[in-house]
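Below is one structure, written out as structure tokens; the observations come after it.
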Amino acid sequence: MPAALSHPRNVTFIEDNDQRHVHADASTYYGETEYHSRSRTYSNSHLFGYIPVTRPAFQEESHFRPRRLSHDEKPSAPRRFLIDVDETLRVILEQEDTDRDFQICITDAGPKLLSLGTATSNGFKTYDIRGTYMLSNLLQELALAKEYNRKRIVLDESRLTENPVDRLSRMIKHSFWRSLTRRIDGDGLEIICADPKNRSRHLNPRIYVPHGEPAMAEYYRKVAMEKPHLKLDVQVLPAKPDDPAYVKSLNDKPGILALAMREVDDGNGGRTLKGIPFIVPGARFNELYNWDSYFISLGLLVDGQVEMAKGMVEHFIFEIKHYNKILNGSRSYYLCRSQPPFLTDMALQIFNQLDRTNMDENVAWLKRAIQAAIKEYHTVWMAEPRLDPKTGLSRFRPDGLGIPPETEATHFTHILEPYAEKHGISVLEFCEAYNDGTIKEPQLDEYFLHDRAVRESGHDTTYRYEKRCANLATVDLQALLYKYEIDIATAIRELFDDELEIEEDFPLTPFPPTPETYKKKERVSSKAKVQTSEEWFQRAELRRELIDKYLWNEHKSLYFDYDTVQEKQILYESVTSFWMLWAGASSDEQCQKLVANSLKKFEVLGGLVSGTEESRGKISLDRPNRQWDYPYAWPPHQIMAWVGLERYGYLDDAQRLAYRFLYMMTSAFVDFNGVVPEKFDAVKLSHMVDAEYGNQGVDFKMVPREGFGWMNSAYQVGLSFLTTHMRRAVATCTSPELFFKRSANNVNAVDQMLEATANSDALSRVMDALNIGATAAVSDRPSA
């Protein structure tokens, strides 16, 4: 009779040929039953905890260990490591995290080598984990295992060597979206009410419920009673919640705005309300945002999360109904402000992926979204003061009073100091007197009019809009409204039998827009006029003519913003010109000129920059960088250009640009502990940006939790543009200049490759960004 086998309690054995999915989500990989192979040998000491035979640390003689070579003997079975979580976590941080930021990056000066005991030898035999990428993955896996209270783990080597493209895409799909999910109801209030932007004295959570929703107000009052520890303050907004004076009165008592809810069973035979989940951008932006949500929804659709994206449209319909616009963000200080409008395309993208067996229900849902978009179009974008009747073009020009309260404390200090000195008081005293109206400063009123417009544009901040944004008929806004008009016309014609009756009552704006028609106070009611595709196609055609008249510059092969006050184009070269391709507002000839003559102005190593260096001008201590100018690259600009170029048949250009941006993202992910930031310096390929707001999504410990909303989407959407060959090249961090062999004249191929390799060395770029010079270190890249 064989001797009894001693093994740890609560262990399930599997055969060697039966494997878990090595790339399963952490909740599955670490949160379920411990599995061990029967080939493992357990000593009695293992009954009381794992005591490794050799310490999993960097040995002094490891400096002389030979490099692993391609012809080295390969294991016959997948390699696994037996790891004491706490001890290995301590050692790896002590040894490799030399800057003590709880991340392992190429800038850390550790040896980049750690020995781990193999599972089949009970930790007796060791194997070296080498390089930044594997070690940072190990740190992440240890942190995740510790979260699930694992003292020891058997870790598959494949989780450390995982293809970085697959790993990042998997983390976005299964981890990041979940971490960014919020819900406004009794269960989600504690998380969503936290506001890093709140600088007021009142930090207790507060929720503002719209007028006309008594059941919702009663629900939140009940939550406040049942959860006294929240100290929740429930307030009901007036019928006109976006009155500027009222909104300013809320500056010292900011709060979250209630969003759409569904009625569900309460489990006790009754009914209750439950918040519809949505995705926030992340970092300091812990609320529902307007244009962020559009790009986030594109990533959600790629990842199959149609219901989540659909729920975000429900919130926008709710906001238009109760707050009179899709808000900049769902906080009280955003009540006067919107953001770039994307609702029609967002709704249509989602509609196209809904279950086709419920077409009647799908069409009814789309009809609600289109009706909401029509109200927003007429009451926000085609209404004064946003509309300029003389040109018929729209502007970012929100109402508002005083200093925007959500900015960082010192953001406006350089602007306010001269006024404070003029009145002989401190900046803080001046802020209070100016906000309460005691001090009047018309020039400052004008400054903040444009500042609010910049924030409504989403491009806060940029020299493109400095002290003039509210006067500009911008390229991006005209492209978006043209798309609204085409989308609404197409939906009415194709899905609503060419007739759409509006259920909500609001005034329709005159068509065509002229100073004379806008002077008339009488307006036709939305309920009195049936909407047809013909009128909306006419609106689109007129806007296209106005775009060509005021914004298109034939000589420069580019679209430019038009100053409605100075009545001239503003010759700042912006990449938003390519939004016209996304909207379909360009002729084939205009597109050809854009691509042939202007694309090169914005294309750099890491994709498309926001504007040209020449347009931005010189940077100095008195004139610092703005985050929406050169050399910064943002996901919205990339995605809009990819889609627009593909729409006009320039797929090769779209793929090249997508490759550049994903290469930059993947390089940062590999070299900097899995970072997925808000934006990049696309010239230096760095997420360590020198701009007024720094960067978001970079402050995490050990394991990235959220990435950043629209950057996550850019990766998932961008992958859909790449061929298999491109995807493999991105995974090996092959520089775009090498991959596309874009050579300069009179430079031989060898020189080009050497130059491109030097330019793409990640550590050199980082050291240059940090201004600490080049260092003798090499970035570790995963093998194909």
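Does ILE403 satisfy the condition of being touching a residue at least 12 places away in the same chain (Cβ under 8 Å), within 28 Å of the chain's Cα centre (by Cα) and under 22 Å from SER526 (Cα atoms)? No.
Screening THR438 with (1) surrounded by 14 or more Cβ atoms within 10 Å (Cβ to Cβ); (2) at pLDDT below 95 gives one miss only, at (1).
Inspection of segment 546-567 identifies no residue that is crowded, with 24+ Cβ neighbours inside 10 Å, on the phi > 0 side of the Ramachandran plot and small (Gly, Ala, Ser).
Can you name the residue in segment 441-465 that is within 30 Å of ASP548 (Cβ to Cβ) and without any contact (Cβ under 8 Å) to a residue 40 or more places away in the chain and, of all such residues, is surrounded by the fewest Cβ atoms within 10 Å (Cβ to Cβ)? That would be HIS450.
Every condition in (1) touching a helix residue (DSSP H, G or I) at 6+ places or on another chain (Cβ under 8 Å); (2) modelled with pLDDT of 95 or more; (3) among the basic types (Lys, Arg); (4) surrounded by fewer than 18 Cβ atoms within 10 Å (Cβ to Cβ) holds for ARG55 except the one numbered (2). Screening segment 520-533 for residues that are part of a helix (DSSP H, G or I) and in contact (Cβ under 8 Å) with a residue 40 or more places away in the chain and picking the one that is surrounded by the fewest Cβ atoms within 10 Å (Cβ to Cβ) gives SER533. Considering only residues in segment 250-281 that are among the small types (Gly, Ala, Ser) and at pLDDT 95 or above, the one that is nearest to TYR294 (Cα to Cα) turns out to be ALA260.
Residues in segment 586-607 that are touching a strand residue (DSSP E or B) at 6+ places or on another chain (Cβ under 9 Å) and among the aliphatic types (A, V, I, L, M) were compared, and the one that is nearest to TYR659 (Cα to Cα) is VAL604. Within the set LEU416, LEU500, the sole residue that is touching a Cys at 6+ places or on another chain (Cβ under 8 Å), over 25 Å from GLN566 (Cβ atoms) and crowded, with 18+ Cβ neighbours inside 10 Å turns out to be LEU416. When residues in segment 419-435 are screened for being without any contact (Cβ under 8 Å) to a residue 12 or more places away in the chain and surrounded by fewer than 16 Cβ atoms within 10 Å (Cβ to Cβ), 8 of them pass.
In segment 346-381, what residues are outside any loop (DSSP other than H, G, I, E, B), more than 24 Å from LYS527 (Cα to Cα) and either more than 21 Å from the chain's Cα centre (by Cα) or of a type outside the set (A, V, I, L, M, F, W, C) (or both)?
Step one: of segment 346-381, the residues outside any loop (DSSP other than H, G, I, E, B) are 346-351, 356-381.
Now drop any that are not more than 24 Å from LYS527 (Cα to Cα), which leaves 346, 349-351, 356-359.
Residues satisfying the conditions are GLN349, PHE351, ARG356, THR357, ASN358, MET359.
Screening segment 257-299 for residues that are part of a loop (DSSP other than H, G, I, E, B) and of a type in the set (S, T, N, Q) and picking the one that is farthest from the chain's Cα centre (by Cα) gives ASN268.
Hey, could you check segment 719-763 for residues that are at pLDDT 95 or above and of a type in the set (Lys, Arg) and say which is surrounded by the most Cβ atoms within 10 Å (Cβ to Cβ)? Checking each candidate, the answer is ARG727. Any residue in segment 324-347 that is surrounded by fewer than 24 Cβ atoms within 10 Å (Cβ to Cβ), modelled with pLDDT of 95 or more, more than 24 Å from SER394 (Cα to Cα) and out of contact with any Pro (no Cβ under 7 Å at 6 or more places or on another chain)? The answer is no, given that none of the residues of segment 324-347 is surrounded by fewer than 24 Cβ atoms within 10 Å (Cβ to Cβ), modelled with pLDDT of 95 or more, more than 24 Å from SER394 (Cα to Cα) and out of contact with any Pro (no Cβ under 7 Å at 6 or more places or on another chain). Restricted to segment 65-93, and to residues there that are among the acidic types (Asp, Glu) and modelled with pLDDT of 90 or more, the residue that is farthest from SER115 (Cα to Cα) is ASP86. Report, by residue number, each residue of segment 210-230 that is touching a Pro at 6+ places or on another chain (Cβ under 7 Å) and modelled with pLDDT of 95 or more. Once the filter is applied, which keeps residues that are touching a Pro at 6+ places or on another chain (Cβ under 7 Å) and modelled with pLDDT of 95 or more, segment 210-230 yields PRO210, HIS211. Just to be sure, is TRP582 assigned by TED's automatic domain parsing to the domain that holds ASP681, surrounded by 21 or more Cβ atoms within 10 Å (Cβ to Cβ) and out of contact with any Phe, Trp or Tyr (no Cβ under 6 Å at 6 or more places or on another chain)? When the stated conditions are applied, TRP582 does not pass them. Exactly one residue out of ILE207, ILE153, ILE172 is closer than 30 Å to HIS21 by Cβ, in contact with a Gly (Cβ under 7 Å, 6 or more places away or on another chain), among the β-branched types (Val, Ile, Thr) and crowded, with 20+ Cβ neighbours inside 10 Å, and it is ILE172. In segment 86-131, the qualifying residues are those that are within 18 Å of ASP156 (Cα to Cα) and of a type in the set (S, T, N, Q), and the one that is surrounded by the most Cβ atoms within 10 Å (Cβ to Cβ) is THR88. Report yes if ARG543 is within 27 Å of the chain's Cα centre (by Cα) and in contact (Cβ under 8 Å) with a residue 60 or more places away in the chain, otherwise no. It is false that ARG543 is within 27 Å of the chain's Cα centre (by Cα) and in contact (Cβ under 8 Å) with a residue 60 or more places away in the chain.
The values are calculated or read from the model by the stated rules, or taken from the named source; none is laboratory data. On a predicted model such as this, the values are computed, not experimentally measured, just so you know. Note: ideal-geometry Cβ built from the backbone for every residue, glycine included; neighbour counts use all protein chains shown.
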